[in-house]
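*Asks:* Before I ask anything, here is the structure I am working with.
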Amino acid sequence: MDTSCPRFSVRTFGCQMNKHDAERVAGMLSAAGMHAADEVEQADVIVFLTCCVRENADERLEGQVASLKALKRRRPEVLIAVGGCIGQRDGTELLRALPHVDVVFGTHNLGRLPALLARARESSTPVVEVLGGSDEFTSDLPSEREHRWHAWVPIAVGCDNFCSYCVVPYVRGPERSRHAEDVVEEVRSLVADGVLEVTLLGQNVNSYGRDLYGEPQFARLLGAVAQTGIRRIRFATSHPKDLSEDTIRVMSQTPEVCRALHLPVQSGSDHVLESMNRRYTSSAYLGLVDRLYRAMPDLALSTDIIVGFPGETAEDFEATLDLVRAARFDQAFTFIYSSREGTAAAALGPRVPRDVAQERFDRLVSEVQRQALAKNKALLGSVQAILVEGASKRDATVLAGRSEGNKVVHARAPGDSPDSLAGTFVDVRITEAHTWFLSGELAGGHTGIQAG
Ligand code: SAM
Ligand code: SF4
């Protein structure tokens, strides 16, 4: 690497939207002549893309920025930029807790980062720019993808749902969809660039298009994206109240659309769901799950669950465990409720004591693990198409990749080094099921389709 070039480091917290934004920041800074630094200590520009969905993300940011104080003393020319949800929420306020930050930006002006950094370089005071909203989609910005065969594609930003615990509508603004032609055009050019898998992103993909076309058009968009020559389509996140029968049909009939669905339920108690403002009941959720499994018996289903929401009783929590057993999730992201200033739930009570929430959380995780293992065991003996990511972290002779259901799969790679198979599809017969991954052996070589 040319060590005379200025170097950058991008750190992200939180959701997939931030991972996508990180690829755009890397793309913009590379286009401006910078290189990615191997170590944060070597970087001349350090960018944090933040999340404020839960309190621990705030704490992590403060810890990480504070740990750069010594670096800033040694090399005062290093620029630290904080953007994303915390930048949007706090603006200038952020400088009180973190005075050695040079640039604060928000969720609506990622594309302005190079200009803001240039201004900070010239200025002796920090540069803060937070906008109320914008029509900009980050897809117009250059991108440096983490994997050459995978791309994140935003189809909508913002959210109108106002779940009572959630800050996203406040920091990301109202839902705005991208024109379907723009999405399809982007996927087409990604395919031409060797991309095999795209993940369509939105806070609630199922309401995609309502603002543009008067009614949701997600099923139609999926169908159109499937015509581009892309091999695999994933999407996140789906709000259960808006998942349409059309979308289920397109998922079940379109081979390019992965049979993997992230469908956050949050709670199994109707009383908690109502005070969360989720606008469905547990039986409506389970009815939907039933229709999904009938249409796609091999569907991999994942979810998000919050425990310790204000007013959650022991019975409410038992209802959540019952729902987890009935829905047979492949994976669940589990969270202890974190009160966020300005949200409706922040004013609700009674608060669930921390030790009670922790105990519920631990029981929930055990149940989720039991279900995940049972779902993985059901795959024993099956042949799964795996998109190889490279060698497994533990063993350089073992390849690791993802199945259609988004499960990590390991297989020994005789002859070929796993890294040479990265970005190709291989068939793997599953011989071992673990809670969070599967192992197997290559079945019938690989398809030879290589990302460009
Ligand atoms: N729009 C997506 C949805 O509705 O599922 C994702 C929103 S959020 C970034 C991802 C998850 O964080 C939510 O599904 C919820 O489980 C969790 N979450 C959001 N706010 C939270 C809070 N205040 N405390 C704990 N977990 C929270
Ligand atoms: Fe937050 Fe609910 Fe919107 Fe998801 S759907 S981003 S949880 S308000």
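*Asks:* Collect the residues in region 194-225 that are closer than 15 Å to Ile248 by Cα, open to solvent by 10 Å² or more (accessible area, probe 1.4 Å) and either touching a Pro at 6+ places or on another chain (Cβ under 9 Å) or within 16 Å of ligand 1 (Cβ to nearest atom) (or both), keeping them in residue-number order.
*Replies:* Listed by number, the list holds a single entry, Pro216.
*Asks:* Right, here's the next one. Tell me the helices (runs of 4 or more DSSP H) entirely within region 196-301 that contain at least 3 residues that are touching a residue at least 40 places away in the same chain (Cβ under 8 Å) and more than 22 Å from Lys19 (Cβ to Cβ).
*Replies:* Here the list reads 245-253, 270-275, 282-295.
*Asks:* Additional query: Could you tell me whether region 347-356 includes any residue that is open to solvent by less than 30 Å² (accessible area, probe 1.4 Å) and either outside any loop (DSSP other than H, G, I, E, B) or within 16 Å of ligand 2 (Cβ to nearest atom) (or both)?
*Replies:* Among the residues of region 347-356, not one is open to solvent by less than 30 Å² (accessible area, probe 1.4 Å) and either outside any loop (DSSP other than H, G, I, E, B) or within 16 Å of ligand 2 (Cβ to nearest atom) (or both), which makes the answer no.
*Asks:* Follow-up. If you check Ser143, Ser139, which single one turns out to be assigned to a helix (DSSP H, G or I) and within 30 Å of Leu387 (Cα to Cα)?
*Replies:* Ser139
*Asks:* Output the residues belonging to region 14-50 that are closer than 23 Å to Ser339 by Cβ and at pLDDT below 90.
*Replies:* Correct list: Gly14, Cys15, Met17, Asn18.
Yes/no per residue for (1) out of contact with any Leu (no Cβ under 8 Å at 6 or more places or on another chain); (2) in contact (Cβ under 8 Å) with a residue 12 or more places away in the chain:
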| position | (1), (2) |
| --- | --- |
| Glu367 | no, yes |
| Ala396 | yes, yes |
| Asn406 | yes, yes |
| Ala413 | no, yes |
| Ser417 | yes, yes |
| Ser420 | yes, no |
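*Asks:* I've got another one for you. Has region 322-339 got at least one residue that is at pLDDT 95 or above, away from ligand 2 (no atom under 16 Å from the Cβ), exposed (fewer than 14 other Cβ atoms within 10 Å of the Cβ) and part of a loop (DSSP other than H, G, I, E, B)?
*Replies:* No.
*Asks:* Going through Val205, Val187, Val195 one at a time, which residue ends up being in contact with a strand residue (DSSP E or B) (Cβ under 6 Å, 6 or more places away or on another chain), at pLDDT 95 or above, β-branched (Val, Ile, Thr) and within 16 Å of ligand 2 (Cβ to nearest atom)?
*Replies:* Val205
*Asks:* Related question: Among the residues of region 172-184 satisfying the criterion of being open to solvent by 10 Å² or more (accessible area, probe 1.4 Å) and in a helix (DSSP H, G or I), which is modelled with the lowest pLDDT?
*Replies:* Ranking the qualifying residues of region 172-184, first place goes to Arg172.
*Asks:* Please go through region 234-250 and pick out each residue that is buried (at least 18 other Cβ atoms within 10 Å of the Cβ) and either under 17 Å from the mean Cα position of the chain (by Cα) or within 16 Å of ligand 1 (Cβ to nearest atom) (or both).
*Replies:* Passing the criteria: Arg234, Phe235, Ala236, Thr237, Ser238, His239, Pro240, Asp242, Leu243, Thr247.
*Asks:* Output the residues belonging to region 261-284 that are away from ligand 2 (no atom under 14 Å from the Cβ) and touching a Leu at 6+ places or on another chain (Cβ under 7 Å).
*Replies:* Leu261, Gly268, Thr281, Ser282
The values are calculated or read from the model by the stated rules, or taken from the named source; none is laboratory data. From a predicted model like this one, the values you see are computed outputs, not experimental measurements. Positions of Cβ are generated from backbone atoms using ideal geometry, with glycine treated the same way; all protein chains shown enter the neighbour counts. These area figures cover heavy atoms from the full protein model, side chains too; ligands, DNA and RNA do not enter into them. Shrake-Rupley method; radii C 1.70, N 1.55, O 1.52, S 1.80 Å.
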